[in-house]
Amino acid sequence: MSISESSPRNTASGTSPRWGMSQRASSGCIDDPRWQLALRIATSSSVGRSRLMGDFLLYVVDRQIHDRNDEITEQQIGVLVFGRSEGYDTNEDNIVRSYARNLRKRIEEYFESEGIQEKLLLEIPRGGYIPIFSQKPATDSTLPAVSSVEPNNHLQKVATSASEDPQPNEGVSNSRFQPEQGAWSKFLSNLPTTLKRRVQSNLRILIFCAGLLLGIISTLLIPRASFKRIVASPAETASNTLFSQLFNKRSNTYIVPSDDGLVIMQRLTERPVPLASYVDGSYRTKIVTAGNPTDAEIVKLGGRRYTSMVDLELASRLAQLSEAVPEHMFIRYARDLRMEDLRNGNAIFIGSIEANPWIELFQSQLPIGFSIHPGNDKASGILNKHPRPGEATIYGTPVQDHTYGFIAYAPSLNATGHVLIIAGLNTAGTEAAATFLLNPTLMAPTLEHARLGKGGFKPFVILIGAGNVASNAATPQVVLERIGPF
């Protein structure tokens, strides 16, 4: 599993010009073998999926080639590659360290796959960002040639020899074409009959024990995921199939916990934060000040990184699923996620729309969603857009001893991946939805209803209700279910 930070962003204090495509083209070291190697890595399948990762690599290589290692610092990379403001706090924002960890892994992948024939090697040692180049040892790339002529000649000689041999005369044995008797057969033939039977009996027992031992070893060595699929119940198989849609080796999966500092800030300012304002950071600069000394503290609060233990526990359990692919899985704080991450990847959003404004992107295509209103003049909760007989329109306040959450499975922005939303009115609501999701028996009916013939699932939404006892969810139950297309 990888924990990484954000893409380039705008900040309230302004932005710095990014080191990107224009600098790539005018680097001035196009003919340098080191630069050519860096370009091949940056556009490879290992690194090329992330433009920022490629820019990171090319920036440090460019500075190293031009003997400007003093500019290869975390601060400079953050400003020039990731668009952070001058003097940003690297202790609070660790985007460079996060990307560096992943870049090192991707470089190793490149040299193990499509770059296996490279004569020049590149690495970025831990503890710094200055790239090091070295020549690949000849023994790594030079393998002995395998001749196919000699075996063919040998076969040809055997065939020729066989065709030239005279046919055996009748009544005369032709030992040339008889299989040679093995040493073990000779040994048995020379034993007395009783002893021979005893040896053969013991040999059968020995072979049986060896087979039994091999079976036990094979069972122990079978990967847990494979063994799990072999012994899984139908409900577990359906749940495994769902998570295999969200985790795969073809695309990245972003697990996005809630921004609880944002929730506290909204409660104090009594105004919701739309996604556009959240992404560009302007929500922290638009607080109307009236000489109140607490306003500055409210702005700081909006910049703090808080999330709930429920979200962290769920993220941890998702990361431990046998279907998870660690090298393609990222836990991304909601404030650091960018639209670029969602275009070609899968995403799992945790929390309410107040704590995770990214849910706003998908509300329009879902039959239920959040309806949040500041103050008490209008009920807030989960909106049932098309209520059926016996169903309510709003599930939420003013019920105090009950909570609601929902699970939504839908296509990603460009329909090449999938999005899973585990949301709740509060922490207890999110906990109820998470508990329901991770219980294959509870999920089985909905997954059966949403199953596609080719193995995937239709979009679906499940509204979950649960008792709310001291901010903890009791046993979750289905309130309503919707199966797509919506």
Mind checking which residues of the range 303-334 are farther than 13 Å from D259 by Cβ, acidic (D, E) and over 12 Å from the mean Cα position of the chain (by Cα)? E313
Kindly indicate the residue of the range 407-419 that is in contact with a helix residue (DSSP H, G or I) (Cβ under 6 Å, 6 or more places away or on another chain) and over 15 Å from D341 (Cβ atoms) and also surrounded by the fewest Cβ atoms within 10 Å (Cβ to Cβ) among those meeting that condition. A410
Do any residues in the range 346-372 that are farther than 19 Å from V479 by Cβ and outside the structural domain of R49 (by TED's automatic domain parsing) have Cβ atoms under 7 Å from those of residues that are aromatic (F, W, Y) and outside any strand (DSSP E or B), where the two are at least six apart or on different chains, and which pairs are they? F349/W358; P357/Y278; Q365/F486
Residues being assigned to a strand (DSSP E or B) and surrounded by fewer than 24 Cβ atoms within 10 Å (Cβ to Cβ) - total across the range 421-455: 1
Pair list, Cβ < 6 Å and 6+ apart or interchain, from the range 112-132 residues that are without any contact (Cβ under 8 Å) to a residue 24 or more places away in the chain to residues that are surrounded by fewer than 13 Cβ atoms within 10 Å (Cβ to Cβ): L121/S134; E123/I132
Among the residues of the range 323-339, is there at least one that is farther than 27 Å from G48 by Cα, modelled with pLDDT of 85 or more, of a type in the set (D, E, K, R) and surrounded by 14 or more Cβ atoms within 10 Å (Cβ to Cβ)? no
Criterion first (in a helix (DSSP H, G or I), more than 21 Å from the chain's Cα centre (by Cα) and among the aliphatic types (A, V, I, L, M)) does V79 satisfy it? yes
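The values are calculated or read from the model by the stated rules, or taken from the named source; none is laboratory data. Not measured: the values here are computed from a predicted model. So basically every Cβ, Gly included, is an ideal-geometry build from the backbone, and we count neighbours across all protein chains shown.
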